[in-house]
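Since the structure comes first, as structure tokens, the remarks are kept for the end.
Any read-out appearing in this document is the output of simple, stated calculations on the displayed coordinates, not a laboratory observation. Keep in mind it's a predicted model, so treat the numbers as computed, not measured. With ideal geometry, Cβ positions are generated from the backbone for all residues, glycine too; neighbour counts draw on all protein chains shown.
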Amino acid sequence: MTQRIGQAWGGDSADRPGDQSGGEVRVSAWTTYARGWNCLLRAKDGAVAERMAAFCEAACDNDCIGYSQARRNSLRDAARAAGWDAAKITSPCDCDCSSLMAVCAEAAGVDMAGAYTSGNAPWTGNMAQQFAGTGAFAVLTEDKYLTGPDWLRRGDILVNSAWHTLMVLDDGAEARSAVRVGDTLCYEPGGGVHFAPGDGAEPTRFREFDGPVYPARVVMVAPGTPRPYLVLMEAQTVCGWVAEESLSRKILHTVQTGDSVWGIARRYGTTMEAIRAANGMKSVFDPIYPGDRLVVPASGCG
């Protein structure tokens, strides 16, 4: 699957706001940036990353939003007036590459007030520091994040401090199979699971639960190999370290407004038929509704 990126890039319309060419703020296929990247900004909460990516996609699809460095902060005002819904922006406005990323974060619920300087959005030269200062982002500098798309996740922000920034809109091949904070995985009863409380107590056998799968939300990933996951078993509201082999790395996706089986399959790198089979659906065109939970046998997952 070709990965996509969202960005505000060139075509500065100094005379009037809005996208005059249809490509000033756009979704593009992944391509290697010749100038390279200094760092990657990753939201610590997966739900924030998803909301950021959704806003970026909608902004790229709205020709009322154009590119201008002189009017780079007008998108923020327009987004606020539209209830932080990029699709509902109807007054022409502008952003540049870095102010777009700041508005995406604010639309996702991140408190960005301290990241602005006298009302001016962070720019590429200081955005790593400003975004990290919100407490909502990690700054990653390992080569695997900066030299290719495989380890990138939807909602990641790549930064070249001297030139450009953009948002990743699709998970890379490695990221699709990686467990992350905020993921909801499946615990399958009968697997001999052992539960180790986070206080360091001796592991105790985890009690069985009813149902074919049981949701476990990852809230922390421990360093080292193998890596256990600190999970919240939602209904029972208990936390503890669970070894990797105790979890099935199928994902439980909670359906959001606007979701489709096709879109969910694309996001997780799987197929509509795989989702149909995993959820006992009669057809890939069976209706799904906000709040429904779908088991997604994501690519690379057992």
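What distance in nm separates the two pseudo spin-label positions at Val27 and Lys144, each 7 Å out from Cα along the beta-carbon direction?
Computed distance between label sites Val27 and Lys144 equals 2.8 nm.
From the Cα gyration tensor of segment 1-139, with a ≥ b ≥ c the square roots of its eigenvalues, which class applies: rounded if a/c is under 1.5, or else prolate if a/b is larger than b/c, or else oblate?
Values: a/c = 1.38, a/b = 1.18, b/c = 1.17.
It comes out rounded by the Cα gyration axes.
I'd like the FRET efficiency for Thr2 and Asp77, computed as 1/(1 + (r/R0)^6) with the beta carbon distance as r and R0 of 41 Å, rounded to 0.05.
Here the calculated transfer efficiency is 0.75.
Can you give the FRET efficiency for Thr117 and Asp85, using 1/(1 + (r/R0)^6), R0 = 25 Å, r = Cβ-Cβ distance, to the nearest 0.05? Display every interim value, and only then the final one.
Working: r = 26 Å, r/R0 = 1.05.
Efficiency, from the Cβ-Cβ distance: 0.45.
Over segment 1-88, what relative contact order in percent results from Cα pairs under 8 Å that are six or more residues apart? Spell out each step's value before the answer.
Values: 99 pairs, mean separation 33.2, N = 88.
Taking the mean separation of contacting Cα pairs over the length of segment 1-88, I get 38 percent.
So between Arg35 and Trp163, what do we pick up on full extension, going 0.36 nm a residue minus the alpha carbon distance?
Numbers: separation 128, 0.36 × 128 = 46.08 nm, distance 0.80 nm.
Roughly 45.3 nm would be gained on extension.
Classify segment 20-99 from the C-alpha gyration tensor, please: rounded if a/c falls under 1.5, else prolate or oblate depending on whether a/b exceeds b/c.
Working: a/c = 1.75, a/b = 1.23, b/c = 1.42.
Oblate, because a/c is 1.5 or more while a/b does not exceed b/c.
For Asp286 and Ala132, what does the FRET efficiency come to when R0 = 45 Å and r is the distance between their Cβ atoms, rounded to the nearest 0.05? List each step's numbers first, then the result.
On the way: r = 43 Å, r/R0 = 0.95.
The value I calculate is 0.55.
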